[in-house]
């Protein structure tokens with residue numbers, strides 16, 4: 001069973017308000033052996049000996065562009081009811097890379113991810129992370145098991 005599912009504890013604010021620190025989530029590890037991630041999937045991936053939870057925004061061959069916090073995939077503005085823009089986060093005010101991204105094509109075998117808490121997430125917008133190689137994906141987040149009051153599919 002351990003190779004099929006993994007329980008992970010959320011650490012940090014990057015996926016607010018979808019997930020909070022200490023939420024326990026279940027990651028399913030088989031799906032991406034047989035299919036590719038889809039836009040809007042929430043995934044767990046490895047990067048530099050760390051694990052990150054982010055939302056897939058664009059997949060290989062998609063054109064991604066961000067203009068003043070508005071995200072466009074293949075020329076269409078995407079609806080993001082989950083996205084949080086906390087203007088109290090001072091880090092975001094002077095960092096253009098948070099608010100804008102020149103149109104670029106997601107390379108083959110890669111995906112583009114972002115945290116739901118857009119002003120407090122280290123994700124594909126930044127050189128430290130960049131595009132994510134699909135080989136680094138641990139699995140797909142399928143449910144929250146803690147806190148009990150929020151138990152269920154995601």
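Values in this text are rule-based calculations from the coordinates and carry no lab data. Fair warning: this is a prediction, and the values are worked out from it, not measured in the lab. Heads up, the Cβs are rebuilt from the backbone with ideal geometry, glycines too, and the neighbour counts pull from every protein chain shown.
Summary of computed values
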| quantity | calculated |
| --- | --- |
| Translational diffusion of the stretch 5-153, µm² s⁻¹ [Kirkwood Rh, Cα pairs; Stokes-Einstein; 37 °C; 0.692 mPa s] | 210 |
| The chain - mean residue ellipticity at 222 nm from DSSP helices (-39,500 (n - 2.57) per run, n ≥ 4, rounded to 500) | -500 deg cm²/dmol |
| Neighbour-count order for 9, 92, fewest beta carbons within 10 angstrom listed first | 9, 92 |
| Segment residue 33-residue 105, length gained on full extension (0.36 nm per residue, minus Cα span) | 23.6 nm |
| Taking the convex hull of Cα positions in the stretch 29-82, its mean projected area over all directions (nm²) | 5.0 |
| Radius ratio Rg over Rh of the stretch 97-147, counting only Cα atoms, Kirkwood formula for Rh | 1.02 |
| Spacing of the two label points (7 Å from each Cα toward its C-beta) at residue 51 and residue 149, in nm | 2.6 |
| Burial ordering of 102, 21, fewest other beta-carbon atoms within 10 Å first | 102, 21 |
| Segment residue 127-residue 9, length gained on full extension (0.36 nm per residue, minus Cα span) | 39.9 nm |
| Inter-label distance for residue 69 and residue 136, nm, one decimal - labels placed 7 Å from Cα along Cα-to-Cβ | 2.7 |
| Rel. contact order, % - alpha carbon contacts under 8 angstrom, at least six apart, the chain | 29 |
| Taking 151, 19, 3 and counting other C-beta atoms within 10 Å, the order from fewest to most | 3, 151, 19 |
